[in-house]
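Student: Next up is a structure, given as structure tokens.
The values are calculated or read from the model by the stated rules, or taken from the named source; none is laboratory data. What you are looking at is a predicted structure, and each value in this text was computed from that prediction instead of being measured. Positions of Cβ are generated from backbone atoms using ideal geometry, with glycine treated the same way; all protein chains shown enter the neighbour counts.
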Amino acid sequence: MSKDSQMRAAINQKLIEMGERERLKELLRAKLVECGWKDQLKAHCKGFVIMIFYILHFDIDFCLFAGVVLVEIKQFFKKKVV
């Protein structure tokens, strides 16, 4: 275990023993709720999901289009070669 890891573990243990860890977690949670982080994060994630949906939708449409065109090209060359 590195010195940094040992220090972190010792601090964490003291915080738990003193009950300070839970108090700090609750304080952080309250401050995050107070500043509206949940709504901001939700809006950001929703925008990200919509963007991914459109990207995937475009890729799927393009792949389907490319597949149809490829089949047509193969059929064209089969007719011309035979």
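Student: Restricting the first residue to the stretch 1-21 and requiring it to be at pLDDT 95 or above, which pairs with a second residue that is surrounded by 10 or more Cβ atoms within 10 Å (Cβ to Cβ) and of a type in the set (Phe, Trp, Tyr) meet a Cβ separation below 8 Å and a spacing of at least six or different chains?
Tutor: none
Student: Now for a separate question. Of the residues that make up the stretch 41-53, is at least one surrounded by 10 or more Cβ atoms within 10 Å (Cβ to Cβ), closer than 30 Å to Leu15 by Cα and out of contact with any Asp or Glu (no Cβ under 7 Å at 6 or more places or on another chain)?
Tutor: yes
Student: Moving on. Taking the stated definitions as given, is Cys63 at pLDDT 80 or above, under 25 Å from the mean Cα position of the chain (by Cα) and surrounded by 10 or more Cβ atoms within 10 Å (Cβ to Cβ)?
Tutor: It is false that Cys63 is at pLDDT 80 or above, under 25 Å from the mean Cα position of the chain (by Cα) and surrounded by 10 or more Cβ atoms within 10 Å (Cβ to Cβ).
Student: List every residue pair whose Cβ atoms lie under 8 Å apart, where the two residues are 6 or more positions apart in sequence or sit on different chains, the first residue falls within the stretch 42-58 and is under 24 Å from Leu32 (Cβ atoms), and the second residue, located anywhere, is modelled with pLDDT of 85 or more and surrounded by 10 or more Cβ atoms within 10 Å (Cβ to Cβ).
Tutor: none
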